[in-house]
Amino acid sequence: MKKNSKNISGIRFESANKIMKKLDHEPSHVIQVCNLALQLFDRLKTLHCCCQDDRDMLEAAALLHDIGYIKGAKGHHKHSLNMIAKSELDGWDKQEKLVIGNIARYHTKSLPKAKHKKFSALAKENQKKVLKLAALLRLADGLDRSHSDAIKNLNCEIGKNKIKVDIESRGHIALELDGFKKKRDLFVKVYGRKIVIGKINDSWHIEPRHFVTGE
């Protein structure tokens, strides 16, 4: 769509944030996931080569990825997709809202497949966008598995075959590490590189430690 406002990103955020506050059952979790997703986006710019519009899409999808819970826990990710696609999100056209809905839909459960009608309905370029951004959202959701805001900051070291993610944490993050491991599947598929946890600097302890992945 044509962008006429210099503050379009702010307008988009305010609209998504308003919907999230109205519908989401646990705002603190989605705000944390959004923060981590955007950190991953910013740290991995040279890898995904996405633009500011794409960052805005990821932000909206992250803020709204769990609104489907209002219709029930079962299939909440699919409900989120449908609700986003039909929403009154400011700053986006109908096709762009469908992209955002698909990004949110794939934060959990199945990876995107050709048989998924709302994914297949997208143009090939938008399908690639969904894959790139949903991979980041999926990781971010795993990194708040305990819903405790245990991860403060992320840094990424991009290698030829592997990416290391250094973590600044607050206390125990065993669930987050397990969530990360379980939700990196789409990232590996899309970006063609392994992604592992590197150094963990726990602000509740004096010395940084390393997480042994066994990989």
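Yes or no, residue by residue, for (1) aliphatic (A, V, I, L, M); (2) under 25 Å from Ile158 (Cα atoms); (3) modelled with pLDDT of 95 or more; (4) touching a His at 6+ places or on another chain (Cβ under 8 Å):
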site	(1), (2), (3), (4)
Phe41	no, yes, yes, yes
Thr46	no, yes, yes, no
Arg55	no, yes, yes, no
Leu58	yes, yes, yes, no
Leu63	yes, no, yes, no
Ile67	yes, no, yes, yes
Ile70	yes, no, yes, yes
His76	no, no, yes, no
Ser80	no, no, yes, yes
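Pairs under 8 Å by beta carbon, first residue within 15 Å of Phe41 (Cβ to Cβ) and in contact (Cβ under 8 Å) with a residue 60 or more places away in the chain in the stretch 147-171, partner of a type in the set (Val, Ile, Thr) and loosely packed, with under 13 Cβ neighbours inside 10 Å, six or more apart or different chains?
If the second residue must be of a type in the set (Val, Ile, Thr) and loosely packed, with under 13 Cβ neighbours inside 10 Å, the pairs left are Ile158/Thr46.
Can you tell me which condition Cys50 does not meet? The list is (1) assigned to a helix (DSSP H, G or I); (2) in contact (Cβ under 8 Å) with a residue 12 or more places away in the chain, and all the others hold.
For Cys50, the exception is condition (1).
Of the conditions (1) of a type outside the set (A, V, I, L, M); (2) surrounded by 14 or more Cβ atoms within 10 Å (Cβ to Cβ); (3) in a helix (DSSP H, G or I), Glu125 clears all except one; give me its number.
(2)
Scan the stretch 85-122 for residues that are without any contact (Cβ under 8 Å) to a residue 24 or more places away in the chain, surrounded by 12 or more Cβ atoms within 10 Å (Cβ to Cβ) and assigned to a helix (DSSP H, G or I) and jot them down.
Selection gives Lys97, Phe119.
Could you look through the stretch 197-215, keep only residues that are modelled with pLDDT of 95 or more and in contact with a helix residue (DSSP H, G or I) (Cβ under 9 Å, 6 or more places away or on another chain), and pick out the one that is surrounded by the most Cβ atoms within 10 Å (Cβ to Cβ)?
Going through the qualifying residues, I end up with Ile197.
Kindly evaluate Asn82 against the criterion of being buried (at least 18 other Cβ atoms within 10 Å of the Cβ) and in a helix (DSSP H, G or I). Can you show your working first?
Working: buried (at least 18 other Cβ atoms within 10 Å of the Cβ): no; in a helix (DSSP H, G or I): yes.
Answer is no for this residue.
The values are calculated or read from the model by the stated rules, or taken from the named source; none is laboratory data. What you are looking at is a predicted structure, and each value in this text was computed from that prediction instead of being measured. Neighbour counts are summed over all protein chains in view; Cβ atoms, including those assigned to glycine, are modelled from backbone coordinates with ideal geometry.
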